[in-house]
1. Fewest Cβ neighbours within 10 Å first, please rank K51, K239, K250 accordingly.
2. If a/c stays under 1.5 just call it rounded; otherwise compare a/b with b/c (prolate if a/b is bigger, oblate if not). Do that for segment 249-343, with a ≥ b ≥ c from the square roots of the Cα gyration tensor eigenvalues.
3. Pick out which of L122, L54, L24 has the largest mean-square fluctuation in a Gaussian network model of the chain, springs linking Cα atoms closer than 10 Å.
4. Report, to the nearest 10°, how far helix 203-215 tilts away from the longest principal axis of the Cα atoms in the chain, using its own Cα long axis and a range of 0 to 90°.
5. Relative to the longest principal axis of the C-alpha atoms of the chain, give the angle of the C-alpha long axis of helix 306-317, reported between 0 and 90° and rounded to the nearest 10°.
6. What number, rounded to the nearest 500 deg cm²/dmol, is the helix-based mean residue ellipticity at 222 nm of the chain, given -39500 (n - 2.57) per DSSP H run of at least four residues and division by all its residues?
7. So for the chain, taking the charge dipole from beta-carbon charges (+1 Lys/Arg, -1 Asp/Glu), which of V264, M86, S74 sits furthest toward the positive end?
8. Quick check on my link table: of K127/K206; K56/K239; K175/K206; K206/K250; K206/K239; K96/K145, which ones sit more than 32 Å apart, alpha carbon to alpha carbon?
Amino acid sequence: TKTFSSLLAIGCLVSGTALAQDDLRTMALDMFAPIPSTTPSFENNPVTPEKIELGKALFFDPRMSASGVFSCNSCHNLATGGDDNMPTSIGHGWQKGPRNSPTVLNAVFNSAQFWDGRAPDLAAQAKGPVQAGVEMANTPENVLKTLNSMPQYVEWFQSAFPEEANPVTFDNFAKAIEAFEATLITPAPFDAWLNGNDDALTDLQKTGLQVFVDAGCAACHAGINVGGQDYYPFGLIEKPGADILPEGDKGRYAVTATADDEYVFRAGPLRNIAVTAPYFHSGAVWDLRTAVEIMATSQLGADLTSEEIDAIVAFLQSLTGEVPEVVYPILPPETASTPHPSG
Ligand code: HEM
Ligand code: HEM
């Protein structure tokens, strides 16, 4: 009988945890969503294999920058988590930009792009860095001149936009990059667990998920990207020091010119967060545990225990996904009419 009752106890325990796990999953599915199994699509920009290939070439082509040095991949390196692992990016003329480079992985699931959400989608976003003085410092005219000088690029634009008589445009440049970026999605253990695989998360990660929700993190970091959906004051409860929240960058205020939006930023998307240090728009914090501690104090006024923070960090590690294999593209060779690098 002893064996029987202890078996019974184990049985209850197991079915108890199974029940608890189902509850946790039901709650999680209310707030988060797994990465879809197919490439996301856009209403005004059908994603085709030709467009993806063109977008990939453009993403890796340093000749899209005035200096011929910087490609999108310079600051969004697909080999290192889709970012540059620098506090703030270095761009044209070795200039230091004002903000940390966010990952392009899963950026397609953000409701708007940039730390302040100033670009509504990836196509609008892609036109920014090419022209930004501290990034690629180029002009749309010079980009088109460069592309038109290489017959192979003109052909690629024709196959990517077969309906258009004159497909080599800056809009199509951006649309092709958007299509490529739509393929940069990274299913993670968290998705496998959301989809029903009980063993995809460790017990500590499950505890961490529960703490993440109970403490209130999920109020701001939700959706497919566990963030990236909405804007909140950085320092809602307690403003971090100027080393972490520099006074000169007022965030969303620059977009809306509304006083309430001073120091308001998009809640960071947390997928792949464990591989995209340093953290925050200032890139001032190198350690994920410290970033979590700062969030607990600044956003929630919560005094989390060391165990709770460990559990949250373990949960965040379950958001590190599998990066799709990207074959490095061989780019079209320059011709006599290709503009030379400048600056
Ligand atoms: C932001 C893509 C070139 C540095 C972003 C975002 C995307 C992106 C999708 C928004 C991500 C998010 O909000 O979560 C691209 C593409 C590029 C390119 C397609 C090439 C056309 C560069 C270069 C640099 C750079 C060359 C560095 C010199 C940054 C920085 C941000 C950013 C610092 C954040 C800016 C802010 O929030 O104000 N990029 N990027 N990017 N990128 Fe790039
Ligand atoms: C950024 C985690 C609670 C709003 C971040 C980042 C992490 C994080 C790791 C850095 C993202 C990056 O550098 O890419 C957490 C955790 C929380 C929590 C673990 C609970 C303890 C909250 C809450 C809010 C919020 C409750 C809203 C009231 C933000 C905002 C940012 C951010 C606005 C961007 C800050 C910046 O401008 O750099 N969060 N967060 N977070 N989070 Fe949270």
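Every number here is computed from the coordinates shown, using simple stated rules; none is lab data. A quick note: this is a predicted structure, and the numbers were derived from the prediction, not measured. We place every Cβ from the backbone using ideal geometry, glycine too, and count neighbours over all the protein chains shown.
1. Numbers: K51 24, K239 13, K250 17.
Sorted ascending by nearby Cβ count, the order is K239, K250, K51.
2. Numbers: a/c = 3.39, a/b = 1.55, b/c = 2.19.
Note, shape of segment 249-343 comes out oblate.
3. It is L24.
4. Taking the Cα atoms of the chain, the angle to 203-215 is about 80 degrees.
5. The answer is roughly 50 degrees.
6. On the way: 12 runs with 131 residues, N = 343.
After summing the helix terms and dividing by residue count, I get -11500 deg cm²/dmol.
7. Looking along the dipole axis, the top candidate is S74.
8. Values: K127/K206 40 Å; K56/K239 40 Å; K175/K206 39 Å; K206/K250 36 Å; K206/K239 30 Å; K96/K145 28 Å.
Cα-Cα > 32 Å for K127/K206; K56/K239; K175/K206; K206/K250; rest within.
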